[in-house]
1. Hey, what's the range B:45-92 come to in accessible area per residue, 1.4 Å probe, Å²?
2. Using DSSP, restrict attention to beta bridges with both residues in the protein assembly as shown and report what percent are antiparallel, rounded to the nearest 5.
3. Assuming a ≥ b ≥ c are the square roots of the Cα gyration tensor eigenvalues, decide whether the range A:1-66 counts as rounded (a/c under 1.5), prolate (otherwise, with a/b larger than b/c) or oblate.
4. With each label point set 7 Å from Cα along the Cα-Cβ vector, what nm distance links A:M1 and A:H571?
5. Net charge around B:I114, counting only other residues with Cβ within less than 15 Å of its Cβ (Lys, Arg = +1; Asp, Glu = -1)?
6. Extending each Cα 7 Å along its Cβ direction at A:F370 and B:A17, get the distance between those two points in nm, one decimal.
7. If ligands, DNA and RNA are left out, what is the accessible area of A:I8 with a 1.4 Å probe, given in Å² to the nearest 10?
8. How large is the helix-only mean residue ellipticity at 222 nm for chain B, computed as the sum of -39500 (n - 2.57) over DSSP H runs with n ≥ 4, divided by its residue count, in deg cm²/dmol to the nearest 500?
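The values are calculated or read from the model by the stated rules, or taken from the named source; none is laboratory data. Keep in mind it's a predicted model, so treat the numbers as computed, not measured. As a convention, Cβ positions derive from the backbone with ideal geometry for all residues, glycine included, and neighbour counts pool all protein chains shown. Calculation scope for accessible area: heavy atoms of the full protein, side chains included, ligands and nucleic acids excluded. Shrake-Rupley method; radii C 1.70, N 1.55, O 1.52, S 1.80 Å.
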Amino acid sequence: MRPLFRAIKWGIGGYLLGAVAAWVMAGASGPLNGPIEVTVGFIAGLIGWIFGIGGWNNWGREWFGLPPKDDGKDDWRRYFRFNTDHKVVGVQYLVAFIAVMGIGGIMAMLMRLELARAGTDFMSEETYNKVMSMHGILMVAVAVAGILGSFGNYLIPLMIGAQDMAFPRLNALSFWLIPPVAVALLSAPLLGSFEAGWTAYPPLSVLAPGDGQLLFNMGVIAFGLSSILGGLNILTTVTTMRAPGMTWGRLPIFVWAGFSASLISVLFTQYFAATLVMIQLDRIAGTAFFDAKAGGGTLLYEHLFWFYSHPAVYIMVLPAFGVSLEIITHFSRKPLFAYKAVVGAFLTIVGLSGIVWAHHMFTSGMANYFHAPFMALTEAISIPTGVVFLAAIGTMWKGRIWFTAPMIMATGWVFNFMIGGITGIFHADVATDLQLHDTYFVVAHFHFTIIGGSIMGLLGGTFYWFPKITGRMYNERLGKIFALWVTIGLNVVFLPMFWVGVNGMNRRVAVYPADLQRVNEFISAAAFLLGAGFLLFIGNLLWSAVKGPKASDNPWNASTLEWSVSSPPPHHNFPLLPEVVGHPYEYGRPGARHAVLSTTGATHG
Amino acid sequence: MRREWLVVGAIWAALTALGEFVVTTWTMLPEGYSRESHVVNEAYVLLLVMAVPVFAFMVTMLGYSIVAFRHPGATEDGPNLGNNKRVVWIWLAVTAALDLAVLINPGFVGLRDIRGTQSADMAIEVVGQRWSWTVTYENGATSTTEMVVPVDTRIRFDVTSTDVLHSFWVPGFGLKVDAVPGRTTQMYVTTERTGDNADDSRLRVQCAELCGLSHADMAMTVRVVERAEYDAWVEDLKNNPPAAAQQAAGATATTAAGEQNDQQAGAAAGQEG
């Protein structure tokens, strides 16, 4: 635990040093928690934290010719260290983001408590805006990094027959950038919080009184850095670390999904960071990027913001496509249907994701000639997405469907994400979007896509790979109940939101017309039940990780490489390089094999 | 094999028929007050009608597979059917055709119906500021508490903002447009039916873009009235401005008051920045 305490010390020290230095240079007059002091303090604190947690031991010592220090013992404490084992990093991501999801979920419960009544009975509008903004950014973070950080790191090397990621230290760094982000976002209330939503549209995000917006900006930029580094690592790993015989056409579909999502991370994340830098400068340095009176413009922000944030929704859902198709394939015991078409669909989605952003701006007042092309491009995404659905039902058809908790999650994903997809067309269509934009219809739509599309992949994958990661089996009955609870609960909570949306309830409000109260009461009650269901999930996992029955190496009798090693896998995954000799899903063909784990094969260099 | 497809086809047909019956007979969307809201509602129903067979097909396949192909445990493999090029190409052709159909109607058709003609019988200026709306009519009368518009009239709303982004939305009109600082955005509405906020909460101007503290309260009531009633009302508003409106009207009417208004805004911004 010593590196962690050192990191905390250096982080706080760095923050104070940076803040005081900025304060002195700014004339030593204002408060010590002024905007510039906070900004410089965060940067210095982040550097201090990274140095403390492992930056010095892993890079610094080498640069100065000092002997390297190893990671320490392989006991439970490795999860609290800068550890370069991709499996440790994966678990760190998984646990951290389930915790963040819990905090974001509590925010959601508080919001529903307020929305059960039409007036402001539980919290003020100001508090509501802040809780809503916090819920938004936390959950976006979970959706962006939840699957890619955890299963991406844990499983991609195992699935492609590698001993680790291409850049193990960079991998650890990308995780250890996350805690300062969480601290920045969660401590923002100390500085008056942020209230401009996760979208942080200016001029509101520039003019809003709370300096918590500064911490939001800095935190999200750091998170973006983590996302880029993680994406870069996955791209390099998949490109260079594949075992002999693991051709691109033999990659498990989850690897392709992670690869595609990583392409988007690397190509687009920096645009969001750039816009947040502009907001930061508008707030602290007197620039006027978004001040109309001084010649700035807010449409600039919307374009740049969505240029990242629309592709980002595919960073959220593509890995879940991979997880769900993986589960559906193994639990149908049939080859993944139309594998090549699915890979093509993923890459088409990557391409299209970059040229559809302005469909978020049909009401923004942008030029009229933008509308038709962005509507056409957006609706075209339904074609590659349709291929993913074809793969799901085509694989299940005539399979031997083993209806376990992960399989319930995966089929629930098909159903719920389909509702998200179909209602997406109502927003791609300009005529209906002009009415539905910024209403609860949107709220319902994106919860179906993000919970239904991304979070259900995270939950399903957690069940599916739980025996591999922990070496123990979760409680199947509780798992099944939870999977059904989420699949059905999502519909009970969010279907009525479509109705309140078309009946004139706009989003991001604490008060609304009284005639919509009855339905909102129902939604709130259902939301509490859905939220309570997650206790079943957490309880099941915690109990099973410690007390669950020991799992065999391959409890699902699945064909991909991660199931060919022990549960949990040994430190370096494969003592000898596996040799890949066939497709990953050769079910129903006697004698066909995906890989051979020989004892005489080539060793890793 | 053939029997399986017959069962699937029958379930699909039944679900589709049921779905189409529901979406065409159950009026999910409340009736609007403008021609544009009818365009929106028609597009909405058309999209539902087109979505029903797709949704029904997926539900049928999913449900049938789960029921018919259940097999506890991983003891047996299914057939080694990894691909069927013909099925993939048919699927692509059908989804592409559906996409094209949606794009043409309601897509381009709806876009033309809503944005097509840029002419209007009357122009109304709308200014959003945290956290209220100011509406200025053609005769110069101003109101901040209620917006009244005549029925059977094509109205152009010229919308702008003095501070942050807002969005000018009347749910009952079926449209919204953002109020952007430094820009004037336009929204065309053709009123078709009279109505009063007292009877329908969707007749309100509602800010639809998060604008800070009182965003949810940034609303004013809307009435759609007969032309004669509107003329009398707007004339009366000009001659006898209500106390609240008087201040705002005075502020925009004279330079001195305008400067004062700017100072107030500046002070507010300074306090917050």
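1. Working: 2530 Å² over 48 residues.
Solvent-accessible surface per residue comes out at 53 Å².
2. On the way: 30 of 44 bridges.
That works out to approximately 70 percent antiparallel.
3. Details: a/c = 3.76, a/b = 2.24, b/c = 1.68.
Prolate.
4. Computed distance between label sites A:M1 and A:H571 equals 2.4 nm.
5. Working: positive: B:R35, B:R112, B:R115, B:R154, B:R156, B:K176; negative: A:D429, A:D433, B:E36, B:E42, B:D113, B:E192.
The answer is 0.
6. So the two model labels end up 4.7 nm from each other.
7. 70
8. Values: 7 runs with 125 residues, N = 273.
About -15500 deg cm²/dmol.
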